[in-house]
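Contents: one structure, followed by commentary.
The values are calculated or read from the model by the stated rules, or taken from the named source; none is laboratory data. The shown structure was predicted, so the numbers you read here are calculated from the model rather than taken from an experiment. Cβ coordinates were reconstructed from backbone atoms using ideal geometry, including for glycine residues, and neighbour counts include every protein chain displayed.
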């Protein structure tokens, strides 16, 4: 039984984290990727169409099913944040009341970069994966034959949230099989059959033949510098401090983005130091070590093909280490406390910086687009066009379809199929002229992420006039420009 004093302290931590989460979510402006999933769920009329559309996403269906259920009743974007908050609070509850971590460790975990910002404030399909992994970890020593059905159900859910969730699920199951190989050899066949539950998620993760983001695409964009990703993954995951001097600081790293020999050597030193500290902190517990090494190896392996070097992807290496420490703390050997605390402390500066910056500045200014119609900046009855990359912002906040210049048709959400290929190599000068002809040479309004300097390339083909700018944003794709396009003649 947990002492009353611990329960009171745990309740205080939960209240503190709840306030932190509410503050962060209420001040965070939704950006393209958050809106993209919402638009697909909103625009899919049936579950069958939803499953068909997300085949191009490279993601399993869990998050989209949740959004699909919500959008059957409302298109209010606040519900996207409410869903995110439910998983974040649920995860915090398990960590605070069910994990074997000390009071200080719990506070450091929840105040670190991933739990205070990246996976908490940004409404994507990462926190649900951590939630299901926490549920598995909470089973702990009670993982008997009777509740293995619960274990496999949670493993199935974890693997169907995201690719990094699948990697974590495989790592957890490998460590589980390793532990039981010595004590329950006759159950090994049944445990190995457990890997079959990962097949549905693999079906959704591997894109269809007509997807732009297929394996051939990544092979074409692969180069030898990606071999350095192993260093990138470790440094970004365990020491995720952004390049603070950059206005668009999100997804940057102070050490890795300074591309000089000195900083490369520093990054290499940090890489080796972190690798030694993490392994040394859990090395006495073989199950924990297996989980950590499998998770980090699979992440790096996938990174050589798919670009899993963004903060949101590499963060699951840290999450995998966290669950390795959880397992080690459940055993008599435990975890090296001072080394574990050092790893947790490394997360705090980035967590504070990101949380404060997102509070003070606009992560995205896409929501400002609503005032274009409220203030009648666009003349009523005018032809309105958007480029492919701005569609997510418009469709989410205006809640309608828009004529998309690269597709030459109306659309309400994006698919990473052959249409994306057309968008990547699109000739905007020719496209703008074609839209003018479609609109009987009459002027039209054009939403785009291209700034005036980039738009200057159009000047020999069309007359363009900047009409509106949504404002500066932390995330570049959250900055939208509006132009009035006219014929030169």
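Summary table below
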read-out	value
Selection count where residues are farther than 23 Å from residue 365 by Cβ and either part of a loop (DSSP other than H, G, I, E, B) or more than 37 Å from the chain's Cα centre (by Cα) (or both), scope the stretch 434-452	8
Only one of 302, 316 that is modelled with pLDDT under 90 and not in a loop (DSSP other than H, G, I, E, B)	302
Failed item, numbered, when residue 246 is tested on (1) surrounded by fewer than 19 Cβ atoms within 10 Å (Cβ to Cβ); (2) touching a helix residue (DSSP H, G or I) at 6+ places or on another chain (Cβ under 8 Å); (3) not in a helix (DSSP H, G or I)	(2)
Given (1) touching a strand residue (DSSP E or B) at 6+ places or on another chain (Cβ under 7 Å); (2) crowded, with 16+ Cβ neighbours inside 10 Å; (3) within 17 Å of residue 36 (Cα to Cα), index of the condition residue 420 fails	(1)
Test: residue in the stretch 430-444 that is surrounded by 15 or more Cβ atoms within 10 Å (Cβ to Cβ), under 19 Å from residue 481 (Cβ atoms), in contact (Cβ under 8 Å) with a residue 60 or more places away in the chain and not assigned by TED's automatic domain parsing to the domain that holds residue 21	yes
Filter pass, residue 72 being surrounded by fewer than 18 Cβ atoms within 10 Å (Cβ to Cβ), out of contact with any strand residue (DSSP E or B) (no Cβ under 8 Å at 6 or more places or on another chain), assigned by TED's automatic domain parsing to the domain that holds residue 24 and under 25 Å from residue 353 (Cβ atoms)	no
Residue 103 in the same structural domain as residue 341 (by TED's automatic domain parsing), under 24 Å from residue 134 (Cα atoms) and modelled with pLDDT under 95	yes
Residue match in the stretch 91-109 (condition: touching a helix residue (DSSP H, G or I) at 6+ places or on another chain (Cβ under 8 Å), buried (at least 20 other Cβ atoms within 10 Å of the Cβ), without any contact (Cβ under 8 Å) to a residue 60 or more places away in the chain and closer than 22 Å to residue 163 by Cβ)	yes
Matching residues in the stretch 111-144 - criterion: being in contact with a helix residue (DSSP H, G or I) (Cβ under 7 Å, 6 or more places away or on another chain), in a helix (DSSP H, G or I) and either more than 26 Å from residue 32 (Cα to Cα) or not assigned by TED's automatic domain parsing to the domain that holds residue 156 (or both)	133, 134, 135, 136, 137, 138, 139
Some residue of the stretch 181-200 being at pLDDT 85 or above and over 27 Å from residue 124 (Cβ atoms)	yes
Filtered residues of the stretch 201-228 (kept if at pLDDT 75 or above and either in a helix (DSSP H, G or I) or out of contact with any helix residue (DSSP H, G or I) (no Cβ under 9 Å at 6 or more places or on another chain) (or both))	201, 202, 203, 204, 205
Number of the exception - residue 153 against (1) under 24 Å from residue 235 (Cα atoms); (2) assigned to a helix (DSSP H, G or I)	(1)
Selection count where residues are more than 30 Å from residue 118 (Cβ to Cβ) and without any contact (Cβ under 8 Å) to a residue 12 or more places away in the chain, scope the stretch 445-476	3
Residue match in the stretch 336-343 (condition: outside any helix (DSSP H, G or I) and over 21 Å from residue 133 (Cα atoms))	yes
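The rows are residues; the columns are (1) in contact (Cβ under 8 Å) with a residue 12 or more places away in the chain; (2) in contact with a helix residue (DSSP H, G or I) (Cβ under 9 Å, 6 or more places away or on another chain); (3) more than 30 Å from residue 450 (Cβ to Cβ); (4) surrounded by 14 or more Cβ atoms within 10 Å (Cβ to Cβ).
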residue	(1), (2), (3), (4)
334	yes, yes, yes, yes
338	no, yes, yes, no
343	yes, yes, yes, yes
349	yes, yes, yes, yes
359	yes, yes, no, yes
364	yes, yes, no, yes
375	no, no, no, no
381	no, no, no, no
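Per-residue answers, yes or no, for (1) under 24 Å from the mean Cα position of the chain (by Cα); (2) in a loop (DSSP other than H, G, I, E, B); (3) more than 14 Å from residue 81 (Cα to Cα):
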{"site": "7", "(1), (2), (3)": "no, no, yes"}
{"site": "22", "(1), (2), (3)": "yes, no, no"}
{"site": "30", "(1), (2), (3)": "yes, yes, no"}
{"site": "45", "(1), (2), (3)": "no, yes, yes"}
{"site": "53", "(1), (2), (3)": "yes, no, yes"}
